[in-house]
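Only one structure is covered here, and it is reproduced in the block below.
The numbers here are math on the coordinates, done by the rules we state, and not lab data. Values in this document were obtained by computation on a predicted structure and should not be read as measured data. With ideal geometry, Cβ positions are generated from the backbone for all residues, glycine too; neighbour counts draw on all protein chains shown.
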Amino acid sequence: MRLLRISRRNKVFLLNEFLGGSMSKPNNLESLWMPFTPNKTFKKDPRIIVKAKDMHFTSDDNRQILDGTAGLWCVNAGHGRKKIQEAVTQQIEELDYSPPFQFGHPRQFELANRLAEIFPEGMNHVFFSNSGSEAVDSALKIALAYQRARGHSSKTRLIGRERGYHGVGFGGISVGGMVKNRMYFGSMLSGVDHLRHTHNPSINAFSQGQPEHGAELADDLERLVQLHDASTIAAVIVEPIAGSTGVLPPPQGYLKRLREICTKHDILLIFDEVISAFGRLGKATGSDYFGVIPDIITCAKGLTNATIPMGATVVQDYIYESMLENADAPIELFHGYTYSGHPVACAAALATLDIYKEEGLFEHAGEQAPKIEKAAHSLKGTKHIIDIRNLGVIAALELEPRGNAVGARGFEVMKKAWDMGLMVRANGDTLAFSPPLIVQDSQIDEMFTTVKQALEQVD
């Protein structure tokens, strides 16, 4: 190994030149613009992952890092699953790509049927995309097109919720309610309004599972109906459990009440289940867990165990049938993506669904949920913690902000935990846990013991 010294843009970089082998550590971090990352800070002290297997990542300095976040809420079956690898390899050898417009391939039909089997009754039609963001934008477009197709062209308004996260497309950030995701990008879609969020720590702090108070907040929709009239509202979109904003379980009865109001006023209800689908709550969907059936469900992440990007929008039969029956052109929906239903992604998804079923991972998640709840809430009284929330295989520790430096303490704890061998996600000053569904008792204990130690070392 020898060191090369080069100059670029008045900066000096030291590059490691390896002869006869590949590098596990990148030699130049400058060219990549990293998403949702403080680039300057990261590149001074990078956290580089080179391998993953089961419940662990391997860092570039050969440390084992317990994955407390399932990657990014998405590696539900654990890392390095051979069944998925083999399915992807075989599919690439047989058919690497097939155009989704005017042509089809067997895997996309098989996958759509498999999803229809495990999603709520009546939700038998699937539109494929490449991510959760695209699945949401597809859902919003379908909702608007459906209202037009059935002769309700005045129903164009979309309702989201404060603190909601629905991806990064202009549709998703318009109905979303996270300030930093919205404030830089102009006026976004017109005709959008928002329900109030459901987070109320003054009466719900340290709730175990769904908070007792707050179902009445669903009546915000009635207020918006009075403001805009139901004849103008096409759809309402919410996360059954809000994730990216810092894990906000819905108050008891909230989703049921929202469903009732939507039905009353002929408004479509969309569940963004990019996080909650595929076992995160111990069921195939959050809809199943809460016993509330929406009109449209979006999903992604756990669909392929994160191996190949893929999203899906699943709709009630009457939406699909109305679109076909009332179409004003041979093409019923002028929407799609070059990689919709990509054959390799479909192969990965089918193998992932097999794993979920064969290993009973949804059921296992349901069994681990009370253990995660107990472990998380055992940290009540720990330094900096002002609230603890949980549901299913999800937990959050909310920390007291450090003066005016909102998010600084959470970020510091996240880095400290990494140094101690744990990956945990910092959403501002909230630490979010969402381990792979294969998580075992000892690993649950390790996650919360480690983060407690990290908290005690941070001011």
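Set the Förster distance to 56 Å, then compute FRET efficiency between residue 95 and residue 227 from the Cβ-Cβ distance, nearest 0.05. Could you put the intermediate results ahead of the total?
Working: r = 51 Å, r/R0 = 0.91.
E between residue 95 and residue 227, to the nearest 0.05, is 0.65.
Grab the other residues whose beta carbon is less than 12 angstrom from that of residue 105, score K and R as +1, D and E as -1, and report the net.
Numbers: positive: 107; negative: 94, 96, 110.
Taking every other residue near residue 105 into account, the sum is -2.
Straight-line reach from residue 155: which lysines fall under 22 Å, measuring Cα to Cα and dropping same-chain residues less than 8 apart?
141, 264
Highest first, please rank the peptides 434-440, 315-321 by the mean number of other Cβ atoms sitting within 10 Å of their residues. Let's see the in-between values first.
Values: 434-440: 24.1, 315-321: 18.1.
The peptides rank, most packed first, as 434-440, 315-321.
Let me see the pair-distance distribution of the range 135-233: every alpha carbon pair, 10 Å bin width, integer percents in order.
In order of increasing distance, the bins hold 15, 38, 34, 12, 1 percent.
Along the Cα-to-Cβ line of residue 202, 7 Å from the Cα, sits a label point; which residues in the range 394-431 have backbone N less than 19 Å from it?
Zone members listed by number: 400-401.
Using only DSSP helix segments of four residues or longer, with each worth -39500 (n - 2.57), what per-residue ellipticity at 222 nm results for the chain after dividing by its residue count and rounding to 500?
Numbers: 16 runs with 163 residues, N = 459.
When only DSSP H runs of four or more count, the value is -10500 deg cm²/dmol.
Taking 7 Å along the Cα-to-C-beta vector as the label spot, tell me the residue 382-residue 63 distance in nanometres, rounded to one decimal.
Taking the simple label geometry, residue 382 and residue 63 are separated by 1.8 nm.
Size of the dipole of the chain about the Cα centre, Lys and Arg at +1 and Asp and Glu at -1 on the beta carbon, nothing else charged, in debye to 20? Numbers along the way, then the final one.
Values: 48 positive and 53 negative charges, 386 e Å.
Roughly 1860 debye for the chain.
For the range 423-431, just list the computed ³J(HN,Hα) in residue order, Karplus coefficients 6.51, -1.76 and 1.60, θ = phi - 60°, integers in Hz, with x standing in for Gly and Pro.
9, 10, 9, 9, 9, x, 9, 10, 9
What relative contact order, as a whole-number percentage, does the range 83-358 give when Cα pairs under 8 Å and 6 or more residues apart are counted?
Numbers: 522 pairs, mean separation 79.9, N = 276.
Relative contact order comes out at 29 percent.
Do me a favour and compute the ellipsoid semi-axes for the range 189-315 from its Cα gyration tensor, root of five times each eigenvalue, largest one first, whole Å. Write out the running numbers ahead of the final one.
On the way: eigenvalues 112, 79, 32 Å².
After diagonalising the Cα gyration tensor, the semi-axes are 24, 20, 13 Å.
Restricting the count to DSSP beta bridges whose residues both fall in the range 83-358, what percent are antiparallel, rounded to a multiple of 5? Could the numbers behind the result be given before it?
Working: 10 of 24 bridges.
Bridges in the range 83-358 that DSSP calls antiparallel: roughly 40 percent.
For the range 347-451, what number results from the quotient of the Cα radius of gyration and 2.2 N^0.38 Å? The partial results should precede the final answer.
Working: Rg = 15.3 Å, N = 105, 2.2 N^0.38 = 12.9 Å.
Taking N as the residue count of the range 347-451, the ratio is 1.19.
Would you work out the Kirkwood radius for the range 227-273? I mean one over the mean of 1/r across all pairs of different Cα atoms, in Å.
Numbers: mean 1/r = 0.0860 Å⁻¹.
Evaluated over the range 227-273, this radius sits at 11.6 Å.
Projecting each Cα onto the charge dipole of the chain (Lys/Arg +1, Asp/Glu -1 at the beta carbon, about the Cα centre), which of 69, 293, 258 comes out farthest on the positive side?
Among 69, 293, 258, the one farthest towards the positive end of the dipole of the chain is 69.
Considering only Cα-Cα distances, which of the following residue pairs are longer than 21 Å: 53/301; 180/416; 53/371; 43/415? Working shown, then result.
On the way: 53/301 18 Å; 180/416 25 Å; 53/371 23 Å; 43/415 14 Å.
From 53/301; 180/416; 53/371; 43/415, over 21 Å: 180/416; 53/371.
Cα convex hull of the range 117-186: how many Å³ per residue? Spell out each step's value before the answer.
Details: hull volume 8.4 nm³, N = 70.
Per-residue hull volume (Cα only) is 120 Å³.
Quick check: convex hull over the Cα atoms of the range 83-358, volume per residue in Å³, rounded to an integer?
For the range 83-358, the hull spanned by Cα atoms encloses 132 Å³ per residue.
I need the per residue convex hull volume for the range 35-105, using only the alpha carbons, in cubic angstrom as a whole number.
Details: hull volume 11.6 nm³, N = 71.
It comes to 163 Å³ per residue, whole-number rounded.
The range 269-382: Rg/Rh from Cα coordinates, Kirkwood Rh?
Working: Rg = 17.7 Å, Rh = 16.3 Å.
That ratio is 1.08, to two decimals.
Using the Cα centre of the range 83-358 as origin and beta-carbon charges of +1 (Lys, Arg) and -1 (Asp, Glu), tell me which of 89, 232, 331 is placed farthest towards the positive end of the dipole.
Projecting each Cα onto the dipole axis, the largest value belongs to 232.
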